[in-house]
1. Among the residues of the range 94-110, write down those that are surrounded by 16 or more Cβ atoms within 10 Å (Cβ to Cβ), outside any loop (DSSP other than H, G, I, E, B) and at pLDDT 95 or above.
2. With V79, V84 as the choices, which residue is under 19 Å from the mean Cα position of the chain (by Cα), without any contact (Cβ under 8 Å) to a residue 24 or more places away in the chain and not assigned by TED's automatic domain parsing to the domain that holds G132?
3. Would a scan of the range 261-274 turn up a residue that is in contact with a Leu (Cβ under 6 Å, 6 or more places away or on another chain) and within 22 Å of A156 (Cα to Cα)?
4. One residue is enough: does the range 121-141 have a residue meeting the conditions aromatic (F, W, Y), at pLDDT below 95, outside any loop (DSSP other than H, G, I, E, B) and touching a strand residue (DSSP E or B) at 6+ places or on another chain (Cβ under 6 Å)?
5. How many residues, within the range 202-220, are in a loop (DSSP other than H, G, I, E, B) and either at pLDDT below 90 or under 18 Å from I255 (Cβ atoms) (or both)?
6. Could you pull out the residue among I308, I255 that is of a type outside the set (G, A, S), touching a Phe, Trp or Tyr at 6+ places or on another chain (Cβ under 7 Å) and free of Cβ contacts under 8 Å to residues at least 24 places away in the same chain?
7. Test of understanding: among S168, S223, which residue is modelled with pLDDT of 95 or more, surrounded by fewer than 20 Cβ atoms within 10 Å (Cβ to Cβ) and in contact with a helix residue (DSSP H, G or I) (Cβ under 7 Å, 6 or more places away or on another chain)?
Amino acid sequence: MGVIGRVTDNNGNCANCPGTVGSGMGDINDNGVLTTSASISGTVGVPDSYSRSTVTLNVGTQTMNLAVYVISSQVGFVVDVDSVGSSPLLAGFIGIQNSPGTYSNSFLNAPVVFSTWGAIPGTPASSDTTLGIASGFDSGTGTLDLQSDSVAGGVASLNQTISGAAYSVASNGRATLSYTSGANTRNFILYLDAMNDGYMVETSNNVSFGFFEAQATGPFTESSINGKFAGGTWFPPVAASPNNSAGLALNNGIITGAVTGTYSVDSAGRGTASVNLPIFGSKDLVFYIVGSNNFYLMGSDGVANDTIGFLHN
């Protein structure tokens, strides 16, 4: 299951008062069954001394009991705490939405790096992972260009380019995105929380969730990410996906640290690497630079347990 949406937290500006949520809209992909533009209501508890708060959200007919660990007034981590065995295993993020009610196509106006991960049903299930860059936004025609890499069901589709993908952003920040890659049409719902930033969930084929953020200004080279980086897997898509943490040192195309190898980077910030051990599912890797301090990394071999990592220095 993938869930995405936005709400207004009404706590009366009282730091120690429980609140309610309203004016909400959300979208659910439950194993291919879609609930779109559903209203959201609920309650928010006061964070305790560990910055843990409880939240109940009613998204259409789906009720979710969540624990939120607050990082700051801007963002927190979320996990579903329902005890029923059939309850979905949900984990994700919550963050403040800037400029609510004023969004439009013009809020996507510079290159963004995006990542999605999910599962393809089967026995066993297989992973569906994608990294890429969206750019060339035309707010008038509602079109954009994509460069992406994906590994779905053990099939790798690398360095794909798509021109003229269709997008549309509503005033509440909810957006739609649709594009065709090969024989597959992929549809997404996005919720923006700032200029060139937000979350996304797929509404076609498989259940994939992810997010996107603005990319630093290029052009990029191998030296753009020189330094020491640490990070690990976010939400392994299937049980067989590796759940890794790694420390890497990058220096002008040479990798040392938890693994050793080489890498190269194109001017748009897409990179490829070969390493001596299979981290994030593969010995062959693809990555997209967000900025000098961080990048998204994904296995690029045709495996059914691929995963995505996020590294920062």
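The values are calculated or read from the model by the stated rules, or taken from the named source; none is laboratory data. Computed from a predicted structure; not experimentally measured. Because the Cβ atoms are built from the backbone with ideal geometry, glycine has one as well, and the counts that use them run over all protein chains shown.
1. Going residue by residue through the range 94-110, those that are surrounded by 16 or more Cβ atoms within 10 Å (Cβ to Cβ) are 94-95, 97, 103, 105, 107-108.
Filter again for outside any loop (DSSP other than H, G, I, E, B), leaving 94-95, 105, 107.
Matches in the range 94-110: N105, F107.
2. Matching residue, one of V79, V84: V79.
3. Yes, that holds for at least one residue.
4. Going residue by residue through the range 121-141, those that are aromatic (F, W, Y) are 137.
This time we only want the ones that are at pLDDT below 95, so: none.
Scanning the range 121-141, I find no residue that is aromatic (F, W, Y), at pLDDT below 95, outside any loop (DSSP other than H, G, I, E, B) and touching a strand residue (DSSP E or B) at 6+ places or on another chain (Cβ under 6 Å), so the answer is no.
5. In the first step, residues of the range 202-220 are kept if they are in a loop (DSSP other than H, G, I, E, B); the result is 203-206, 215-220.
If we keep only those that are either at pLDDT below 90 or under 18 Å from I255 (Cβ atoms) (or both) too, we end up with 204-206, 220.
So the count comes out to 4.
6. Working: I308 fails: free of Cβ contacts under 8 Å to residues at least 24 places away in the same chain.
That would be I255, the only listed residue that is of a type outside the set (G, A, S), touching a Phe, Trp or Tyr at 6+ places or on another chain (Cβ under 7 Å) and free of Cβ contacts under 8 Å to residues at least 24 places away in the same chain.
7. Values: S223 fails: in contact with a helix residue (DSSP H, G or I) (Cβ under 7 Å, 6 or more places away or on another chain).
Going through S168, S223 in turn, just one is modelled with pLDDT of 95 or more, surrounded by fewer than 20 Cβ atoms within 10 Å (Cβ to Cβ) and in contact with a helix residue (DSSP H, G or I) (Cβ under 7 Å, 6 or more places away or on another chain): S168.
To keep it simple, each residue is scored yes or no on (1) within 30 Å of G140 (Cα to Cα); (2) in contact with a helix residue (DSSP H, G or I) (Cβ under 8 Å, 6 or more places away or on another chain); (3) of a type outside the set (A, V, I, L, M); (4) loosely packed, with under 14 Cβ neighbours inside 10 Å.
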| residue | (1), (2), (3), (4) |
| --- | --- |
| R6 | yes, no, yes, no |
| C17 | no, no, yes, yes |
| N31 | no, no, yes, yes |
| T56 | no, no, yes, no |
| T63 | no, no, yes, yes |
| S73 | no, no, yes, yes |
| D82 | no, no, yes, no |
| G92 | no, no, yes, no |
